[in-house]
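Data block below; observations after.
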Amino acid sequence: MFERRLKAVAALLCGATAIGLATTGFAEIRPSLNFAGVTGLIDMPSGDVQSDGALSISKSQFGPVGRTTLSFQITPRLSGSFRYTGVGNWNRYTNPGDFDTYYDRSFDLRYQLAQEGRFVPAVTVGFQDIIGTGIFAGEYIAATKTFGGSVKVTAGLGWGRFGSYGAIGAPFGDRPAVDFGRGGTLRLGQWFRGDMAPFAGVEWQATPKLTFKAEYSSDAYEFEAGERRTFDRKSPVNFGVEYAPSNGVRFGLYSLYGSEVGLSAQIVLDPKKSATGGSLGPGPLPVQARTAAKTWGPDWVTDTSAQSTMRRDLQKILGHDGIVVESLAVAPTTAQIRIRNTKLDNAPQALGRTARALAAVLPASVEQFEIVPMLHGVPQSKVVLQRSDLEQLEFAPGGDGQIRDRAQILAISGPAPDGAVYANGLYPRFSWNVSPFVATSLFDPENPLRADLRLRARASYDIAPGLVLSGAISAKLFGNIDTSRQVSDSVLPHVRSDANQYASQGDPAVEHLTLAWFAKPAPNLFSRVTVGYLETMYGGVSTEVLWQRPDKPYALGVEVNYVKQRNFDQLFGFQDYSVVTGHVSGYYSFNNGFHAQLDVGRYLAGDVGATLTVEREFANGIKVGAFATLTDVSFDDFGEGSFDKGIKLEMPLAWILGRPTQKVNKMTLRPILRDGGARLNVDGRLYQTVREYQQTDLDAAWGRFWR
C-alpha cells in the first residue's frame, strides 16, 4: 500500500509539473502558509519564504486539531513562528473525565539555504517546536521549484514529527528521548536524529485568486491519531483549494488524512507597504523661493514684534500638521525653531514640513535653519539645514538622500538662544481622553483566551518644562478575565504570578498616577525621575539616566528603582513586599532597522541576571521583536517555561488608518507569566522615548522628509 501511494503521489507531481511547463501567464506564485502557519503546502513545509519583513497570522482547524500561529520573516532568509495548538478529545479514551483539550505553545525557526534560480530550487531547513514540550518537534529540509509560472513542486525529508510515517532509515542515529522538565529549553541532541521520511507536494495557481494543492504527508500524528485516538488517520495524502480575495488574505478548504475536513484563514501583512496604499493626510507646503518669501524692513532683527509675527505665521502653517512652535530665535543669517510634534507619526516628515514653513515665512537673509524637536520640554537633538539646499533639492531625483547628506544632526541642551520668542500658554498644559480598550489573559489551560472590554480615562498635566503629572483609571464594562481560578504555585515572591488577582479585583483600577521629571543635564545626557503609582502592581520611585550621542548607533543607560507591591484592588494601598531593582542597559542600532538591547541587573523577585531584546523596526514605525531573560533562578524554581521569554509587537494606527496619528497598539506575548526575570513596567523609559530624533532612527525614516 505504501508503494502504491507513493506512485500515486509521484504521478500527481509529474502530471502537475507537465501542466506547469505548458502554462504561462503568472510571473509569481505568492508563497502561502500551511496548517502550522509557516510557508508551505497543506500540512507540510516548503522551500519558499515570505517577503522580507512579512508578518502573518493564521488560524487552522481540522477535526480536533486547531492551531493559531504568528510568523515573522526576520530577514530575507530567516523566519520565526510562535504557535498555540489545541487538540480536543485528548482524554476521551485514556483518562475519561480529565481535561478535554490539550494546549501547547511552541516556537519554530526556518532558514533558506538556497534561493530559487533558473535550474536550482529554493531550499529551506526548518526546526519546529524547538523549545516547547517537544510533542510537536521535528526538523526538515524542503526544496521547492516553480514550473511555467503557475506550478510549484516541493519535495523534502523530515525527522521527528516529519519522519514518523513512511520512514526510509535513520542515517544519523536514533532519536534520544528527552526529559523536557519544565519545558522551554532547547533539545539540540534530538535534531536530525531518528527516523527520516520523505514528503512531497504540488500547488497549482489556476487563477490569481484560486490555488489547488495536493501533498503526501510524512506526519503520522502518533500522539493525536495513535496514542490518544483523537481522530482516524487513514491516508497520507491531503488535498485542498485556497481562495485569495485580496493580497495578503487567503482562505482554504481541505481534505486531510482521508478522514477530516480542514479550514484555514491566513493574513499576511507587509510592513514595508501602507495598509491603505498611502497617507490620507494633507500634502506639504511647497518650498518658497527666496524672492517670493516675505520681506522685512532693515530693523526686523531687533524688532521683537516682527519676530513674534514670524512665530505666529509659522504656527498658522504648522498647526495643520499638529506641530507646536514652542519658541523661535531669529538672527540675520540663522534661525532656531523649537517644535513639539503632536500628530505626525514620522519624525523626518515633521522636520521637512517645519523647514518648508521656515522657507515661506523668514526673511531672505536667513540661510541656516536649526530645528530642535522637543519632548516633555527637553530638547532631543538639533537638525541643521541650509535653506539653499531646500530650494535646490525639492524636486531633484533622489532629493531625500541628497538633503540628508547635507543635513547635520547635533547634540543640544539648555534653553533657547537669547532673544527667543516663546508661544503663549505652553505651561501649564492639561490634556485628557477617554477610550475603550480590550485587556486579555492568554494561554490559561482552562481557557486560553479571556478578555475584558474596559473603559480608560487618561489625563496629563504639564506643570513646567520637563515636569509632568499624569494618571489613568479604568473600569470593566464586561468580560471574563475574573473567571480564572488559577493559583500561583511559584516558590519565588509572587511579583507577577498573581496577575489574575489584579485583573479580577481591580475594578475600577488606578493604573498609574505619577509625577515625572525629565531633564537634559548635558548635551548627550538625558535623565528621568518618576514618583508615584508606577504601574498596576507597583508604586515607588524610578530613576534613570541615559547617555546618547545623536550621531552614534549606541547608547548606555542606568536605572534604579525602589518599589512596593500594590494591593490587588489597584487603588491606593500597598502590600508588605518591597524591593530595590535596577539595571545597566546597553543599546545598539544595526542596519536594516535592527535594534539590540542588553539589560543586566536585579529583577523584582530579587534575582540577578540579564535580558537580551532584539527587535526590527520599519520606517512606518511597526516593530517586531523577541526577548529572553536568564537569571540566577534555576529552571526548576522558575517553574513552567524554565525562563522568561516572549515576543513584542507594536503597530502604529497611522499605518492601519492611513492618516496621521501617533497612537500605537502594543502587545507582549509570553508563553507563560512567572516571577523570575520580571521587570518593572514604567512609562517614559528614556531610550525608547528619545531615539526617534537621533541619527539612526532619522536615517531609517528619512524617505518621508519631502512628504
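Scanning the range 128-149 for residues that are in a strand (DSSP E or B) and either acidic (Asp, Glu) or open to solvent by 20 Å² or more (accessible area, probe 1.4 Å) (or both) yields Gln128, Glu139, Ile141, Ala143, Lys145, Thr146, Phe147.
Scanning the range 382-405 for residues that are exposed (fewer than 15 other Cβ atoms within 10 Å of the Cβ) and under 15 Å from Gln368 (Cα atoms) turns up Ser388, Glu391. Apart from one condition, Gly194 fits all of (1) open to solvent by 10 Å² or more (accessible area, probe 1.4 Å); (2) assigned to a loop (DSSP other than H, G, I, E, B); (3) not acidic (Asp, Glu); the exception is (1).
When Phe239 is tested against (1) at pLDDT below 95; (2) surrounded by fewer than 20 Cβ atoms within 10 Å (Cβ to Cβ), only condition (1) is not met.
Note on the range 356-379: among residues that are free of Cβ contacts under 8 Å to residues at least 60 places away in the same chain and out of contact with any Pro (no Cβ under 8 Å at 6 or more places or on another chain), the one that is surrounded by the most Cβ atoms within 10 Å (Cβ to Cβ) is Leu358. Considering the range 210-236, and only residues there that are among the aromatic types (Phe, Trp, Tyr) and within 14 Å of Ser164 (Cα to Cα), the residue that is modelled with the lowest pLDDT turns out to be Phe223. Within the range 462-487, the residues that satisfy the criterion of being modelled with pLDDT under 90, open to solvent by 30 Å² or more (accessible area, probe 1.4 Å), outside any strand (DSSP E or B) and not acidic (Asp, Glu) are Asn480, Thr483, Arg485, Gln486, Val487.
Taking the criterion of being aliphatic (A, V, I, L, M), within 16 Å of Phe35 (Cβ to Cβ) and modelled with pLDDT of 90 or more, would at least one residue in the range 100-123 satisfy it? Scanning the range 100-123 turns up no residue that is aliphatic (A, V, I, L, M), within 16 Å of Phe35 (Cβ to Cβ) and modelled with pLDDT of 90 or more. For the range 603-617, the set of residues classified as open to solvent by 20 Å² or more (accessible area, probe 1.4 Å) and either under 15 Å from the mean Cα position of the chain (by Cα) or β-branched (Val, Ile, Thr) (or both) consists of Val608, Val614, Glu615, Glu617, listed by residue number. Picking from residues in the range 655-676 that are in contact (Cβ under 8 Å) with a residue 24 or more places away in the chain and of a type in the set (Lys, Arg), the one that is farthest from Tyr603 (Cα to Cα) is Arg659. Pairing residues of the range 603-616 that are in contact (Cβ under 8 Å) with a residue 60 or more places away in the chain and over 18 Å from Val495 (Cβ atoms) with residues that are crowded, with 17+ Cβ neighbours inside 10 Å and aromatic (Phe, Trp, Tyr), at Cβ distances under 9 Å and at least 6 apart in sequence or on separate chains, gives Arg616/Phe72.
Considering the conditions (1) closer than 12 Å to Leu680 by Cα; (2) in contact with a helix residue (DSSP H, G or I) (Cβ under 9 Å, 6 or more places away or on another chain); (3) part of a strand (DSSP E or B), Glu544 is excluded by exactly one of them, (1).
The set of residues in the range 649-681 being in contact with a Ser or Thr (Cβ under 6 Å, 6 or more places away or on another chain), buried (at least 17 other Cβ atoms within 10 Å of the Cβ) and not in a loop (DSSP other than H, G, I, E, B) consists of Ala654 alone.
Of the residues Leu157, Leu188, the single one that is of a type in the set (A, V, I, L, M, F, W, C) and more than 20 Å from Met44 (Cα to Cα) is Leu188. A search for C-beta distances below 9 Å between a residue of the range 427-454 that is at positive phi and any residue that is open to solvent by less than 60 Å² (accessible area, probe 1.4 Å) and assigned to a strand (DSSP E or B), counting only pairs 6+ apart in sequence or on different chains, returns Phe443/Tyr84; Phe443/Arg105; Phe443/Leu669. Filtering the range 425-448 to residues that are part of a strand (DSSP E or B) and aromatic (Phe, Trp, Tyr) leaves Phe430, Trp432, Phe437, Phe443.
Remark: pairs (first residue in the range 635-654, within 25 Å of Phe72 (Cβ to Cβ); second residue surrounded by fewer than 19 Cβ atoms within 10 Å (Cβ to Cβ) and basic (Lys, Arg); Cβ separation under 6 Å; 6+ apart in sequence or on different chains) = Glu640/Arg182; Ser642/Arg182; Gly646/Arg670; Glu650/Lys666; Leu653/Lys663. Quick one: would you say Leu78 is open to solvent by less than 30 Å² (accessible area, probe 1.4 Å) and over 24 Å from Asp444 (Cβ atoms)? No, not satisfied. Just to be sure, is Gly625 within 19 Å of Ser589 (Cα to Cα), within 21 Å of the chain's Cα centre (by Cα) and assigned to a loop (DSSP other than H, G, I, E, B)? No; evaluated as a whole, the condition is false for this residue. Pairing each residue of the range 570-594 that is closer than 20 Å to Gln695 by Cα with any residue that is in a loop (DSSP other than H, G, I, E, B) and open to solvent by less than 80 Å² (accessible area, probe 1.4 Å), provided the two are 6+ apart or on different chains, yields C-beta distances under 8 Å for Tyr588/Pro553; Ser589/Pro553; Phe590/Pro553; Asn592/Thr75; Gly593/Phe618; Gly593/Ala619. Which one of the conditions (1) farther than 19 Å from Asp52 by Cα; (2) assigned to a strand (DSSP E or B) does Asp98 fail to meet, given that it meets all the rest? Answer for Asp98: the failing condition is (2).
Quick check on the range 151-166. Is at least one of its residues in a strand (DSSP E or B) and of a type in the set (Ser, Thr, Tyr)? The answer is yes, given that some residue of the range 151-166 is in a strand (DSSP E or B) and of a type in the set (Ser, Thr, Tyr).
The listed residues are Val600, Val560, Val580, and the only one of them that is modelled with pLDDT of 95 or more, over 17 Å from Gly539 (Cβ atoms), assigned to a strand (DSSP E or B) and open to solvent by 60 Å² or more (accessible area, probe 1.4 Å) turns out to be Val600.
The values are calculated or read from the model by the stated rules, or taken from the named source; none is laboratory data. None of these values were measured; they are calculated from a predicted model. Glycine gets a Cβ as well: all are built from the backbone with ideal geometry, and neighbour counts include every protein chain shown. Please note that ligands, DNA and RNA were not included when accessible areas were found on the heavy atoms of the full protein model with its side chains. Shrake-Rupley method; radii C 1.70, N 1.55, O 1.52, S 1.80 Å.
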